[in-house]
Every structure is written in C-alpha cells, then in structure tokens.
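Asks: Below you'll find the structure I mean.
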Amino acid sequence: MLLRHILLHHSRRFSSSAAITPPLITPTLLKQCNSVSQVNLIHQQTLVQGLITHFSTNLISTYIAISSPSHALSLLQNLTPSPSAVYFWNALIRYSIRPGLLNHAFALFRNMWRLGWTPDNYTFPLVFKACGDLMCCRLGASIHGVVFSTGFESNVFVCNAIVAMYGRCGELDCARKLFDEMCERRLYDLVSWNSIVAVYVQRGDCKNALRLFDRMCKLGDIDMRPDVVSLVNVLPACASMGAWLHGKAVHGIAVRSGSFEDLFVGNALVDMYAKCGMVDAASKVFDRIKEKDVVSWNAMVNGYSQIGRFEDALGLFEKMREENIELNVVSWSAVIAGFAQRGLGCETLDVFREMQVCGSKPNEVTLVSLLSGCASVGALLHGKETHCYAIKCMLNFEGSDLEDDLMVINALIDMYAKCKSINVARTMFDSIEPKNKDVVSWTVMIGGYAQHGEANDALELFSWMFKQDGLVKPNCFTISCALIACARLAALRLGRQIHAYILRNHFDSAFLYVANCLIDMYAKSGDIDVARFVFDNLKQKNFVSWTSLMTGYGMHGRGKEALEVFDEMRRVGLQPDGVTLLVVLYACSHSGMIDQGIKFFNSMSKEFGVIPGQEHYACMVDLLGRAGRLNEAMELIEGMQMEPSSIVWVALLSGCRIHANVELGEHAAKQLLGLNSENDGSYTLLSNIYANARRWKDVARVRSLMKNSGIRKRPGCSWVQGKKGTTTFYVADKTHPQSKQIYEILRGLTQRIKVLGYVPETSFALHDVDDEEKVDLLFEHSEKLALAYGILISAPGAPIRITKNLRVCGDCHNAITYISMIIDHEIILRDSSRFHHFKKGSCSCSGYW
C-alpha cells in the first residue's frame, strides 16, 4: 500500500498544484520494491526530503538485491568509509564473481582501496577466488602483499583463500610454502587442510594429496577430523592412483563419522571403487545410497563399461530410462566410451545414433570416444561425418577451450591414421600451431605412421619432435610407437639410442609396456640376446613379455630356447592362451622341430583348452610345408572344422614353391582366387612355381591376371645399416655414389666362392632367358648388393645387418652362406619370414627358410 501511495504521489505532482503530504519512507517500504524504477522513485524522494544520508545503506542494499550494482556503486562511492559498510563492497564483489565479470571484481577492489576503504576478512577471500578463476597469479600475489599491509596475514580464513588461489593458478610450490608457514604458526583449521589437499588433487599430484590427508588424520585433534569436503577431496586421488586400499580406509572413516549418508560422499565412493576396477564394491555402495542422482548412476555405468561388463552397463543404462532419470551427456558418453575402449566400433556408432535421436547434445568427450570407435572398425565415412559435426558445432568457436579443441583434433588425427588416410592425418597434424601441439598430438601421428607401414616417416617425425626447443617431450606412449617403428625397420642403432633415452628418463621402471616394446625391438632388429637381457631384468612380466621373447627366439630359429621360455612361463603359473600357442607353433616351424610342433597342435584343446583357429592351422601347414610333407598339410586342411581362409592356402602355396609342387600349388592358388584374395604374394608364389617348372606361358598368364586385376607386385629391396644411417638397394641398383666399388667387391666375392663350390641356382632367375643371362640377373639381386656395401663400410669383425622386404632368394641364401666362409663378419639377414645368421659357412635356419 505504501509503495502504491508513492507512485500515486509521484503522478499527482504534475497534475495538481494542491499540497500533498509526502509519503513516509521506511526500510520496509524499500524491501517491497521489485524493480529499478520503483527504487529510483524512493531514491528520488529521499533526495527531495533530505533523507539520503539516513537511507543510503538501505538503498544500496535494495539496489544489490534487485541486481542493479551500478546504482548501488554510485551511492557507495559517496559514503564515508566505515567497517560496517564494507559489507556492501563485499556484496558487489561477490556479485561480480561470475563468467565475464571477473575483471570487474578487481576494478571494484581497486576502487574501494583508492577511496580509502579497508578490506575485511570477507573481502580478500572473494578477490582471491576471482584471481583463481582467472588463473591470474601475478595479480593474486600483489593482493597477497596487501594482506600483509592490512594485518590479515594471521587470519586463517584469508590464508586459506590464498592457498586455494595459488593452487588454482598452478603455483603448487607457493601454495605449499604458505600452508607450511601456517602449520608452523599453528594457524590452520580443517579448511586449511582441505584446501591444500584439493590443490594437489587438482594439479594431478595424488601421491602428495594422500600423504597430506594421512598427516591430517594423525593430528588427533577433534577439530581436524575429516568432514564431507575432506572425503570428497581425497577419494578422487585414490581413484586416480588405483589406491583401493587407501580408498577403503577413507570409506571406513566415512562410515564411522556418519558422512557416508551424504550423497556427494556416496558418489565419490562409487566412482573410486569403479575406477579401481572393484565394481562389485561400487555396486554395494550404490545400492545403499537412498536418494541417487544422475552422478551416482553415471559412475556405475562408467565402471561397468571400463572393465568390459557391457551387459551390466547397458542394463543399468536401461534402468535409468525406466526410472525416468534424466540421461545427460555424461551418461551417454560413458556407454559410448565403454564400447570404444573395447574396440566395438559398430556398437559405439549405434549408441551415438540413439543419443542423437533422444536430443542429447554430445560434448568433446563424446566425440573423442566416437572417433575411437570409428577408428577401431575403420569406419572412415562415419569418422568424416563426426569431423564435419565437430567443425560446425565445436572447433574454433569464440570462447571455446583450446585444450578441448586439441583433444578432438588429436582424436581426428588418430582416426584418420587408423582408417589408412595417413595424408589427411598429417595435414591435420601440420595445421596445429607448433606451440599448441601437445605430446598426444605427436604420439598419435608417430603411432599412425608406425602401425601402418610408414616406419621411416614415424622415426623422422620422432626425431623432429626433439628439435622443438623443449616445447614438448615424449612420454611412454610416444617411446613405444618409436620402438615399434624401429622394430619394423630393424633399425638397431636408433633403437639403442631410444633405449638410452629410456634409461636416462626411467621409463622402463615405471611402464611395463615400454620394456615389452624394447624386447620386441631388439628381437626384430637381430639382437635376441639383448632382448633376453631386458626380459631377465624385468621386475614383473606379463603375457606380452613372455610371448615377445618366444617370438624373437622363433624368428631367429632358436626353437629350443623358445620352448624353454614356454616351460618357464608355465612354471610361474601363467596359463598359455591361443596367442602363446601360435608363437610356439611358429618357433617350431622356423626351427625344423616338426614332431614337437605336431605334438603341441594335437594337445591344444585337451591340455590347454584352446580350440585351434585359422592362424594355428596356417602355422601347421607352414611347418609341414617347409618339411616337404605337403600331402600331410593338405590332409590337415581337408580335416579343418571351418572353411580354410586365405592365410592357410598361402602357407600351402609357399610350401609348394619351396618343393616345386606345381599341381598342389595350382590347387592352392585356385582356392585363393575363389576367396578374392588380393595378396600380391600369392600371385608371385604361383608365378615362381611356374617359372621354376619353365612353364613360361603360365607365368605370362599369371602376370597378365595381376595386371588386369590392378594388383602390383612389390619390388624387392634390401637395406643395410651403417654409421650414418640406412642405405637401400633394389635389383640391379646403380644409383649409389659408390656403386662401382660395390659391384667390384661383389664380383670379387662371386669369383672366390665359385672356387669353393658355389654354383648359381638359375631356377631362382624367374625370366625366360638363357642360363648365362640368368646368372647375370642373380648377380644383381638387392641382398647381394646390400652385403657388398656392408662389407665396404663396416669395421673389421663388425656384424653386417641386412633387411629384405620379401623372402630371401634361394640363390642369394646359398651365395651368402659361402661368402660367410671368406669374410670376418657375421651376416644377420632379416627377410619377411625370419632371421638368418650366416657365420663360417652355415646359417641358423638349417635349411628351414
């Protein structure tokens, strides 16, 4: 009624000259105002009636209450500074602590200081919060100085805010230094401890966060008992480190203190157990939460997804729908991420489509998981669609988070690389500003090259990474990708350099998979003894460690050692799986251990509980084929419980090539054609079988068929390692600057080994020319040129390491065996199948090459 009277009085002032009694202004009247115009009218009346000095604070309070800080500030600036009125400055600063207004909070603080007002213990925490939100440490440190000048350095409330500010700004050392000073002065409370623990968790130093929490619990002070905030702070640290025992202890504290009933504590416990892989324990906590929110459900769905219990995850997801719990982006992303992490790309795409139908908008995490799903199944088209969505809705928007943008771009690089669009991946990588590239950007690009046959590009990019002026350093994943590339190229020298880097930076002691990559690299680069040394020095081993070493022994024809490792693996309690047994069969095949291989194959189901798959049958066909037992190999194929795949027929065709069995080779080739195999090696093997039988018309027919089918034969090449890098040679290659010396060395070696009994095997010259020309063709094979160059550049007695992209030619194998009798070098040759160690006239393959 009073408010209506004022409005009526205001209107009559201009319509009548009669005297009207002015309205009575009271604080109650001001509280009834709900718009700026109404407060302005009362403000005007206070000025007219000379009451402004009496109602200034009431007007300021009302202006703040109706969200009109500018009017409040104009009045506040004219007030005489007083401790009680500092409250209004605090209220204005608090109003400004929101996105887009944080700088205004600092402007208010400076204005307050300039006008002679003294901040109180509520002002400083508000301003320090604004510093933390803006991550402006320099300004925060300046205001820290003001704290000292105003005598608030002994106020625990203010000091807690400073600790939190330094933490938010990333200045962990400053935060810890101030906290330690507070402890020395015994100027702390529970909030102080909660603040420093939160700082360490936010900066990812969970180990120190747990140490501080334990230290707080040991104080024995009743006021220092952990509260809800303490527990919610420390549980994510337990989850991050997988420290489930520590998490259980915190759970016990929550139960004893009664904090367990708090929803935030319950959610944090569910999340901790789920991330530690203890989903059953998480489920028990989840069931005890009386009033669950969407965070509770999401934590459980995420937990089930992460350990591969997809049926439970989807069941819980459906239950959320049944109970009308609002599914948010986290709910959908948890399910999508679970499928993506298990390589179930089709399911990932299905859930994403359902998410879109429901109208839920994906975020950066969703897109990263979706792109991972696309990569796992090679769904390039869906990956491109996701890329378009990211461009339209997320990337490069004003105000978008650069870290979030980079996370999506890195996922796109990974997707394109895994979908074999390596050039598009590189274009995206190059489009990122050098200063903005993080270690993930480099790793996904290096890994893309390494895993898809571009090992040289991978190592070149890895070297370039070290030339970025310290902007970014490789992590364990980057190192692993580089080692994979070294293994593909048998680049032992660079592999050793990376090993030295690993030792200097202690990657091997922290990450088992880096050590496993080292074993694989040394084995595939020809130094199986160092691979064994790395294996023996592992503090812990997993299946990959054992199988990597066994594979290495198999590649080097050391089947006996491979089986010894297999037996040792069983003695330590590891049960062999299908992969392990495949490695055992491979080792037997390349070591001529026919009977042992057959024994293992026949006992797979009964003794090890493993049903033989296509790969196991292919390995057995290869084993029998190398031994010339082709009829047995064919019988094995005919007795398969499944339709033989292309790898089985290729193994048979390879055996037919070794033993010149044209009829069976034609049968295997016919089966491959029926399977629409586009493997150039299959056609080449058949062509070689015909050439060896001098059936030149059939050779021409196969080559014509390859041409019409668009299949190109890979050109054979060999590369040899030297001090200055790797040098590659092709057949009849004369491009090297030292080619004249190379050919002279090779000519001299050939003459000398002919005296020892070497006779060129012209059956390996697969052209319809006379024998003299065939001898000339054999002379120019790439592995012989690489060997001659290796002799030219190698120090006396040093091993010569050669790699060939195809299987070594039979004549070259014979010639190199003879050459090893007359030179003081061990020749280590790796072809597409295995290693050959030539020394003093013998080869490690013992004829099983």
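The values are calculated or read from the model by the stated rules, or taken from the named source; none is laboratory data. These figures come from a predicted structure and were not determined experimentally. Here the Cβ is made from the backbone with ideal geometry for all residues, glycine too, and neighbour counts use every protein chain on show. Just so you know, the surface numbers come from the protein's heavy atoms only, side chains and all, with ligands and any DNA or RNA stripped out. Shrake-Rupley method; radii C 1.70, N 1.55, O 1.52, S 1.80 Å.
Asks: Quick one: accessible surface of His104, probe radius 1.4 Å, all protein chains present, in square angstrom to the nearest 10.
Replies: 90
Asks: Under 13 Å from a point 7 Å along the Cα-to-Cβ line of Asp227: which residues of segment 165-197 have their amide N that close?
Replies: Inside the label zone: 189-195.
Asks: Which of the peptides 683-691, 461-469, 818-826 is most tightly packed, and how do the rest follow, going by the mean number of other Cβ atoms within 10 Å of each residue?
Replies: The packing order, highest mean first, is 683-691, 818-826, 461-469.
Asks: So which aspartates and glutamates can Lys697 reach, going by Cα to Cα under 15 Å and dropping same-chain residues fewer than 8 places off?
Replies: Partners within reach: Glu666, Asp768.
Asks: Let me ask something else. With every protein chain left in place, what is the accessible area per residue of the chain in square angstrom, probe 1.4 Å?
Replies: Details: 41240 Å² over 849 residues.
Result: 49 Å² per residue.
Asks: Within 10 Å of each candidate Cβ there may be at most 16 other Cβ atoms; applying that plus a DSSP loop requirement, which trypsin sites (Lys or Arg not before Pro) in segment 484-550 survive? All intermediate terms of the calculation are to be shown ahead of the outcome.
Replies: Working: sites: Arg488, Arg493, Arg496, Arg504, Lys524, Arg532, Lys539, Lys541; in loops: Lys539, Lys541.
Answer by residue number: Lys539.
Asks: If you don't mind, another one. Which of the following values of volume of the Cα convex hull per residue in Å³ was calculated from the structure shown: (1) 236; (2) 211; (3) 247?
Replies: Recomputing volume of the Cα convex hull per residue in Å³ here picks out (3).
Asks: Around Ser283, with a cut-off of 13 angstrom between Cβ atoms, what is the net charge of the other residues, counting Lys and Arg +1 and Asp and Glu -1?
Replies: Once positives and negatives cancel, what remains is +1.
Asks: Can you give me the angle between helix 614-626 and the longest principal axis of the chain, using Cα atoms only, in degrees from 0 to 90, rounded to the nearest 10?
Replies: Here the helix axis deviates by roughly 20 degrees.
Asks: Using the crude model of +1 on Lys and Arg Cβ and -1 on Asp and Glu Cβ, and no other charge, please compute the dipole size for the chain relative to its Cα centre, in debye to 20.
Replies: In debye, rounded to 20, the chain gives about 1440.
Asks: Mind checking which of Ile647, Leu756, Asn688 is farthest towards the positive end of segment 641-789's charge dipole, using Cβ charges of +1 (Lys, Arg) and -1 (Asp, Glu) about the Cα centre?
Replies: Most positive-ward Cα: Leu756.
Asks: Would you mind telling me the share, in percent, of accessible area of the chain contributed by carbon and sulfur at probe 1.4 angstrom?
Replies: 53
Asks: Another question, if that's okay. Helix 172-184 versus the longest principal axis of the chain: what angle, 0 to 90°, nearest 10, using Cα atoms?
Replies: Roughly 50 degrees, rounded to the nearest 10.
Asks: Using a simple spin-label model with points 7 Å from Cα along the Cα→Cβ vector, what separation in nm is obtained for Asn328 and Glu607?
Replies: My value for the distance between the label points is 5.7 nm.
Asks: Scan around Arg830 for amide H atoms under 5 Å from its own, H built in the peptide plane at 1.01 Å from N, and keep only partners 5 or more places away or cross-chain.
Replies: Here the answer is Ile802, Thr803, Lys804, His836, since their amide H atoms fall under 5 Å of that of Arg830.
Asks: What does a probe at Glu291 reach in segment 251-281, counting residues whose amide N is under 20 Å from the point 7 Å along Cα→Cβ?
Replies: Once the point is set 7 Å along Cα→Cβ of Glu291, 255, 258-271 turn out to lie under 20 Å by backbone N, inside segment 251-281.
Asks: Let me know the charge dipole size of segment 26-142 about its Cα centre in debye, to the nearest 20, where only the beta-carbon of Lys, Arg (+1) and Asp, Glu (-1) is charged.
Replies: Charge dipole, segment 26-142, about its Cα centre: 180 debye, nearest 20.
Asks: So which chymotrypsin sites (Phe, Trp or Tyr not before Pro) in segment 573-622 pass both tests, a DSSP loop state and at most 14 other Cβ atoms within 10 Å of the Cβ?
Replies: none
Asks: Could you give the length gained on full extension between Glu780 and Leu47, defined as 0.36 nm per residue of separation minus the Cα-Cα distance, in nm? Working shown, then result.
Replies: Details: separation 733, 0.36 × 733 = 263.88 nm, distance 10.71 nm.
Gain in length upon complete extension: 253.2 nm.
Asks: Could you pull out the pairs from Lys392/Lys473; Lys784/Lys839; Lys207/Lys248; Lys734/Lys784; Lys218/Lys292; Lys290/Lys319 whose alpha carbons sit more than 23 Å apart here?
Replies: Lys392/Lys473; Lys218/Lys292
Asks: May I ask you to compute the full-extension gain from Gln451 to Ile97, defined as 0.36 nm times their residue separation minus their alpha-carbon distance, rounded to one decimal in nm?
Replies: Here the answer is 122.5 nm.
Asks: Now for a separate question. Can you give the net charge of the other residues whose Cβ lies under 14 Å from the Cβ of Gly810, counting K and R as +1 and D and E as -1?
Replies: Net local charge, Gly810 excluded: +2.
Asks: Answer rounded, prolate or oblate for segment 63-194, using the Cα gyration tensor with square roots of eigenvalues a ≥ b ≥ c: rounded when a/c is under 1.5, else prolate when a/b is larger than b/c, else oblate.
Replies: Cα axes put segment 63-194 in the prolate bin.
Asks: Right, something else. Measure up Lys275/Lys467; Lys129/Lys177; Lys541/Lys713 against 29 Å on the Cα-Cα distance and list the ones that go over.
Replies: Lys275/Lys467; Lys541/Lys713
Asks: Give the aspartates and glutamates whose C-alpha is closer than 16 Å to that of Lys804, dropping any in the same chain fewer than 8 places away, or say none.
Replies: Partners within reach: Glu454, Asp733, Glu780, Glu783, Asp831.
Asks: Now, a different point. For the pair Ser763/Glu638, report the inter-label distance in nm, with labels modelled 7 Å from Cα in the Cβ direction.
Replies: Inter-label distance under the simple model: 2.6 nm.
Asks: Compute the FRET efficiency between Glu826 and Val255 as 1/(1 + (r/R0)^6), taking r as their Cβ-Cβ distance and R0 = 60 Å, and round to the nearest 0.05.
Replies: Step by step, r from the Cβ atoms, then E = 0.35.
Asks: Is the shape of segment 439-583 best called rounded, prolate or oblate, per the rule: a/c under 1.5 gives rounded, else a/b larger than b/c gives prolate, else oblate, with a ≥ b ≥ c the square roots of the Cα gyration tensor eigenvalues? The partial results should precede the final answer.
Replies: On the way: a/c = 2.15, a/b = 1.84, b/c = 1.17.
Verdict is prolate for segment 439-583.
Asks: Please report the accessible area of His387 (heavy atoms, 1.4 Å probe, ligands and nucleic acids excluded) in Å², nearest 10.
Replies: 30
Asks: Could I have the simple spin-label model distance between Arg309 and Asp404, label points 7 Å from Cα toward Cβ, reported in nm to one decimal?
Replies: About 3.2 nm, to one decimal.
Asks: Stretched out fully, how many nm does the piece from Cys393 to Arg203 gain, at 0.36 nm a residue minus the Cα gap? List each step's numbers first, then the result.
Replies: Numbers: separation 190, 0.36 × 190 = 68.40 nm, distance 2.96 nm.
Contour length minus the Cα-Cα distance gives 65.4 nm.
Asks: Could you sort the peptides 651-658, 170-177 by per-residue average Cβ neighbour count (10 Å cutoff), highest mean leading? Mind showing how you got there, number by number?
Replies: On the way: 651-658: 24.8, 170-177: 16.9.
Descending packing order for the listed peptides: 651-658, 170-177.
Asks: Per DSSP helix of 4 or more residues, -39500 (n - 2.57); summed, then divided by the residues of the chain. What does that give at 222 nm, rounded to the nearest 500?
Replies: Helices in the chain give a 222 nm mean residue ellipticity of -20500 deg cm²/dmol.
Asks: May I ask you to list the aspartates and glutamates whose Cα is less than 17 Å away from that of Lys384, ignoring any residue fewer than eight positions away on the same chain?
Replies: The reachable aspartates and glutamates, counting only those whose Cα sits under 17 Å from Lys384, are Asp350, Glu364, Asp405, Asp414.
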